[in-house]
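See structure below.
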Amino acid sequence: MFQAAKENHNYEFKFVETHYGRSITTIAGVCDNEATSQYWMIYNLPFCPDVHNPPGNGYLSPVGVDKIEVHDGYHYLFWYRTVNVDEHQ
């Protein structure tokens with residue numbers, strides 16, 4: 001992510017350190033918004049993402065971006081979405 005952000009400002013991001021690793025809070029100037037419960041979520045997908053069909057919560061990464069183990073054939077998707085307060089804790 002650091003390399004991509006160096007090469008293209010559209011990939012610039014910010015993060016916070018959490019107990020499960022780095023959590024992305026901003027991508028390309030779009031920030032998490034506690035007032036509207038919108039957050040950047042990362043998914044580990046064994047299939048190609050479909051912009052018309054958001055992945056289910058079962059594909060959410062259980063760790064921060066710095067602790068994800070990358071696997072061949074997987075797709076790692078950042079999705080800015082409204083999150084139920086209970087599922088974001």
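FYI, it's all coordinate maths here, none of it is from the lab. Note that the coordinates shown come from a computational prediction; the quantities given were computed from them, not determined experimentally. All Cβ positions, even for glycine, are placed from backbone atoms using ideal geometry, and neighbour counts span all protein chains on display.
Observations on the structure shown:
- Sequence ranges 46-54, 29-37, ranked by mean other-Cβ count within 10 angstrom, highest first: 29-37, 46-54
- Gly64 long-range amide H proximity, modeled H, under 5 Å: Gly21, Arg22
- Couplings 3J(HN,Hα) for the range 2-11, derived from phi with the Karplus relation 6.51 cos²θ - 1.76 cosθ + 1.60 (θ = phi - 60°), are 4, 5, 4, 5, 5, 7, 8, 4, 5, 9 Hz, where x marks Gly and Pro.
- For volume of the Cα convex hull per residue in Å³, the value calculated from this model appears in [x] 114; [y] 95; [z] 85 under label [x].
- Counted charge near Gly64, where neighbours are those whose Cβ lies closer than 10 Å (Asp, Glu -1; Lys, Arg +1): 0
- Structure-based [θ]222 nm, the chain - -39500 (n - 2.57) summed over DSSP H runs of at least 4, per residue, nearest 500: -2000 deg cm²/dmol
- q = 0.16, 0.18, 0.30 Å⁻¹, the range 1-43: log10 I(q)/I(0) [Debye, one scatterer per Cα]: -0.44, -0.55, -1.10
- Dipole of the chain, positive direction: furthest Cα of Thr26, Pro55, Phe78, with charges on the beta-carbon: Thr26
- The charge dipole of the range 2-88, taken about the Cα centre with unit charges on the Cβ atoms of Lys, Arg (+1) and Asp, Glu (-1), comes to about 120 debye, rounded to the nearest 20.
- For Tyr80, distant residues with modelled amide H under 5 Å away: Met41
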